[in-house]
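Notes follow once the structure below has been shown.
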Amino acid sequence: MMIRPQQRKEKERRALISSIKSGDRVVFGGGLIGTVANVKETVLVVKVAENTKLEVLRASVTRVILKDEDLGANVKE
């Protein structure tokens with residue numbers, strides 16, 4: 001009974017990863033947040049700060065941030 005929900009979740013994750021395009025804001029497994037500058041086959045070039053770009057594996061993406069979503073609302077300083 002547990003196999004179907006896991007398969008469905010993995011299918012959704014694969015769809016998310018394959019739909020990433022330049023300009024999307026993404027969150028990675030380690031908590032890194034950035035804007036996709038370039039999309040390659042297995043690697044994303046992500047801008048994390050002014051004049052700072054990183055290459056990261058597509059598989060490390062955990063979610064895509066929606067344009068109107070505010071991540072700062074949950075952060076305590």
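The values are calculated or read from the model by the stated rules, or taken from the named source; none is laboratory data. Quick caveat, the model's predicted, so the values are computed rather than measured. Note that we place each Cβ from the backbone using ideal geometry, even for glycine, and neighbour counts take in every protein chain shown. Keep in mind that these areas ignore ligands, DNA and RNA; they rest on the heavy atoms of the full protein, side chains included. Shrake-Rupley method; radii C 1.70, N 1.55, O 1.52, S 1.80 Å.
Tabulated values for the structure
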quantity: With all protein chains modelled, accessible area of L66 [1.4 Å, Å²]; calculated: 110 Å²
quantity: Per-residue SASA entry for I65, accessible area with 1.4 Å probe, Å² rounded to 10; calculated: 10 Å²
quantity: Estimated [θ] at 222 nm from DSSP helical runs (n ≥ 4, -39500 (n - 2.57)) normalised by residues in the chain, nearest 500; calculated: -7000 deg cm²/dmol
quantity: Placed amide H near I65: partners under 5 Å, 5+ positions off or other chain; calculated: R25, V26, V27
quantity: Accessible solvent surface per residue of the chain, calculated while the other protein chains remain in place, 1.4 angstrom probe, Å²; calculated: 79 Å²
quantity: Extension gain (nm, one decimal) between V45 and E10, 0.36 nm per residue minus Cα-Cα; calculated: 10.3 nm
quantity: Within segment 32-52, backbone nitrogen closer than 20 Å to the virtual label 7 Å beyond the Cα of V64 toward Cβ; calculated: 32-48
quantity: For segment 55-65, 3J(HN,Hα) per residue [Karplus equation, 6.51 cos²θ - 1.76 cosθ + 1.60, θ = phi - 60°, Hz, x = Gly/Pro]; calculated: 9, 9, 6, 4, 5, 7, 5, 9, 6, 9, 8
quantity: From phi via Karplus (6.51, -1.76, 1.60), per-residue ³J(HN,Hα) for segment 28-43 in Hz, x at Gly/Pro; calculated: 9, x, x, x, 5, 10, x, 10, 5, 9, 8, 10, 10, 4, 10, 10
quantity: Rounded to 10°, Cα long-axis angle of helix 3-18 versus longest principal axis of the chain; calculated: 30 degrees
quantity: Nearest-20 debye value, the chain charge dipole, Cβ charges on Lys, Arg, Asp, Glu; calculated: 420 debye
quantity: Local electrostatic count at L16 - Lys and Arg +1, Asp and Glu -1, tallied over other residues with Cβ under 11 Å; calculated: +3
quantity: Entry for Rg/Rh (Cα atoms, Kirkwood Rh) (calculated from the structure that is shown) out of (i) 1.03; (ii) 0.98; (iii) 0.94; calculated: (i)
quantity: Relative contact order (%) - criterion: Cα under 8 Å, at least six apart; region: the chain; calculated: 25 percent
